[in-house]
1. For the stretch 42-63, enumerate the residues that are surrounded by 14 or more Cβ atoms within 10 Å (Cβ to Cβ), of a type in the set (D, E, K, R) and within 16 Å of the chain's Cα centre (by Cα).
2. Quick one: is GLY73 at pLDDT 90 or above and either touching a helix residue (DSSP H, G or I) at 6+ places or on another chain (Cβ under 8 Å) or not in a loop (DSSP other than H, G, I, E, B) (or both)?
Amino acid sequence: MRGRIVMSACIVLMMSGTAFAQDAGEDCVNQLAETETLVDQTVNAKVLDEGDVEEVNMLLDEADAACTDGDYGKAKTTMAKVKGMLKSVPAPAPAEEATAQ
């Protein structure tokens, strides 16, 4: 009887661990997609030079690989670097956008 209870508890714990890992993976992918959207907007605004675009894309590739490998801490750190790079870039002036239209 005790063996069945212990086995049932182990199965439940293993299944909940898998569910947690899937949630963390989905969260990582969602954060990556959000970061990629920010990068696309910044690149389309043409406020990054080519060297910065290459570095940002390389960091995004690293974050994607880390998400895939389950290294969510590294992915989060890498995405924070990318966002930091984007924040340090001056935003285009509203007057420039109005005259471009």
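1. Selection gives GLU55, GLU62.
2. In short, yes.
The values are calculated or read from the model by the stated rules, or taken from the named source; none is laboratory data. Just so it is clear, the structure is predicted and the values come from calculations on it, not from any experiment. Backbone-built Cβ (ideal geometry, glycine too); neighbour counts: all protein chains shown.
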